[in-house]
Amino acid sequence: MPFRFQRLEIPEVILIEPRVFQDTRGFFMETYKRSEFAAYGITEEFVQSNYSRSIRGTLRGLHYQNPPQAQGKLVMVLRGEVFDVAVDIRKNSPTCGRWVSATLSGQNHHMLYIPVGFAHGFCVLSEEADFLYFVTAEYNPELDAGIIWNDPTIAINWPVREPLLSPKDARLPRFDEIELMNPSYTGNG
């Protein structure tokens, strides 16, 4: 099996460790295999791929997309290292408002599956990081939403105190100002 799946403290968020075949030429790994992901319960169809490059101290997030085009995400770092976070925003969820994190890097090759109903963000720990993610619904700017990175209710222990933010991310609302997602909504339009 080319993947090891590990549920995090919020069990719907899954850390994925691919099997990496390395030799003197470099390495090879599978980043996605539908049958193995489905066998572990990740059955969503990924319909769009996004790529970003960011410098040290950049914080992107906490982002999500509202129904009817809420997005599940499969995220990975191709080069560099990030502190990656998922926040449960599902109404009536026993873990609503809680967060989990993982360090993703081009060295460890770990990936994170973040289902619909979670806000997502990351902070760059290396000089630069190339970040790739696949989503289960196409981007719709009218449904784009987020939560401010330093919300005191969520209290994420970010490894940066004064991050580089986009103007949009600097103006995101607090957790108590958003409409929580209906937990029965599973995405894919």
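Residues checked against (1) of a type outside the set (K, R); (2) over 27 Å from F175 (Cβ atoms); (3) at pLDDT below 95:
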position: I10; (1), (2), (3): yes, no, no
position: F27; (1), (2), (3): yes, yes, yes
position: I42; (1), (2), (3): yes, no, no
position: V47; (1), (2), (3): yes, yes, no
position: G80; (1), (2), (3): yes, yes, no
position: N92; (1), (2), (3): yes, no, yes
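A Cβ distance below 8 Å, combined with a sequence gap of six or more or placement on separate chains, defines the contacts here; from segment 158-173, residues that are on the phi > 0 side of the Ramachandran plot reach no residue that is part of a loop (DSSP other than H, G, I, E, B) and modelled with pLDDT under 95. In segment 75-90, the count of residues that are closer than 28 Å to I178 by Cβ, in contact (Cβ under 8 Å) with a residue 60 or more places away in the chain and over 15 Å from the mean Cα position of the chain (by Cα) is one or more. Of D169, D144, D130, all but one fail to be within 12 Å of L59 (Cβ to Cβ), under 16 Å from the mean Cα position of the chain (by Cα) and among the acidic types (D, E); the exception is D169.
Summed over segment 12-27, residues that are free of Cβ contacts under 8 Å to residues at least 12 places away in the same chain and surrounded by 11 or more Cβ atoms within 10 Å (Cβ to Cβ) total 1. Checking each residue of segment 139-154 against the condition of being surrounded by 13 or more Cβ atoms within 10 Å (Cβ to Cβ) and among the small types (G, A, S) gives at least one match.
The values are calculated or read from the model by the stated rules, or taken from the named source; none is laboratory data. On a predicted model such as this, the values are computed, not experimentally measured, just so you know. For neighbour counting, all protein chains shown are included, and Cβ atoms are generated from backbone atoms with ideal geometry for every residue, glycine included.
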